[in-house]
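Engineer: Dumping the structure here so I can ask a few things about it.
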Amino acid sequence: YAPFEEFENAASNWVRLEVEETKWVEGAAYLADPAVIERLGSYDEMLFMYGDENDLETRLTRAGYLLLKTNIPVWHNSGCNVMGELRLRAAYYVFRNTLILLTKHEPWRQVLWRALWLVRTACDPFLKVTNNNILMQRARPSNVLVNAFVVSSALLSYGLNLGGILRTRRKHRKLIDRERAILKTHQSR
């Protein structure tokens, strides 16, 4: 959400490349070997908005790859348009895709706890939302009744698609195991 002038300033003051390991890379700023991405299954089409890069990054790291970030300045809108104009739609996808992502990569207990947290975040009228927590802002697009409808819609969609989500989970886990074997073969050479 930084103004474009801050990007221009960072770009003009950039001196040299620095690289460090990270847990997350902004999806709009990827540099990756397309063959690796293809072998791991590319982006999950269900996660076309919110969680798509998290899913792919989880598969990459579980397969044995490192995520690296650089200090090269990159400017990205970071979802401002969705937050400003389509708040209910953004909240729906945050709820649904968080549950899909957790179902693909975490134990069921984690899925349940996160679902309860999302419902509370959206529907608890006494919960304070800070302006600096973007996830909480997306999870609370409106009043309690509207939020409850959005959460219910997301949970219904999640439930109706659970069979496909579980099939994708199994498929991606096989691809991760196969990629791990490929990496192990290359490392032993």
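Engineer: For the chain, calculate the relative contact order in percent as a whole number, restricting contacts to Cα pairs under 8 Å that are 6 or more residues apart.
Structural biologist: 25 percent
Engineer: Then there is this: Report, ordered by chain and residue number, the lysines lying within cross-link reach of K174, taken as a straight Cα distance under 24 Å and ignoring same-chain residues fewer than 8 apart.
Structural biologist: Correct list for K174: K23, K104, K184.
Engineer: Rounded if a/c is under 1.5, else prolate if a/b beats b/c, else oblate: with a ≥ b ≥ c from the C-alpha gyration tensor eigenvalues square-rooted, which is the stretch 74-189? Spell out each step's value before the answer.
Structural biologist: Values: a/c = 2.55, a/b = 1.76, b/c = 1.45.
Here the stretch 74-189 falls in the prolate category.
Engineer: Loop-only chymotrypsin sites (Phe, Trp or Tyr not before Pro) in the stretch 82-189, please: DSSP not H, G, I, E or B, and at most 14 other Cβ atoms within 10 Å.
Structural biologist: Qualifying residues, ordered by number: F126.
Engineer: Tally up the carbon and sulfur contribution to the accessible surface of the chain as a whole percent, 1.4 Å probe, everything protein left in place.
Structural biologist: On the chain, the fraction of accessible area on carbon and sulfur atoms equals 58 percent.
Engineer: Another one. What are the chymotrypsin sites (Phe, Trp or Tyr not before Pro) within the stretch 1-52 that DSSP puts in a loop, where the Cβ has at most 16 other Cβ atoms within 10 Å?
Structural biologist: In loop regions of the stretch 1-52 (DSSP not H, G, I, E or B), the sparsely surrounded chymotrypsin sites (Phe, Trp or Tyr not before Pro) are Y1, W14, W24, Y30, Y43, F48.
The values are calculated or read from the model by the stated rules, or taken from the named source; none is laboratory data. These numbers were taken from a predicted model, which means no experiment stands behind them. Virtual Cβ from ideal backbone geometry, glycine too; neighbours counted across all protein chains shown. The area values use the complete protein model at the heavy-atom level, side chains included, leaving out ligands, DNA and RNA. Shrake-Rupley method; radii C 1.70, N 1.55, O 1.52, S 1.80 Å.
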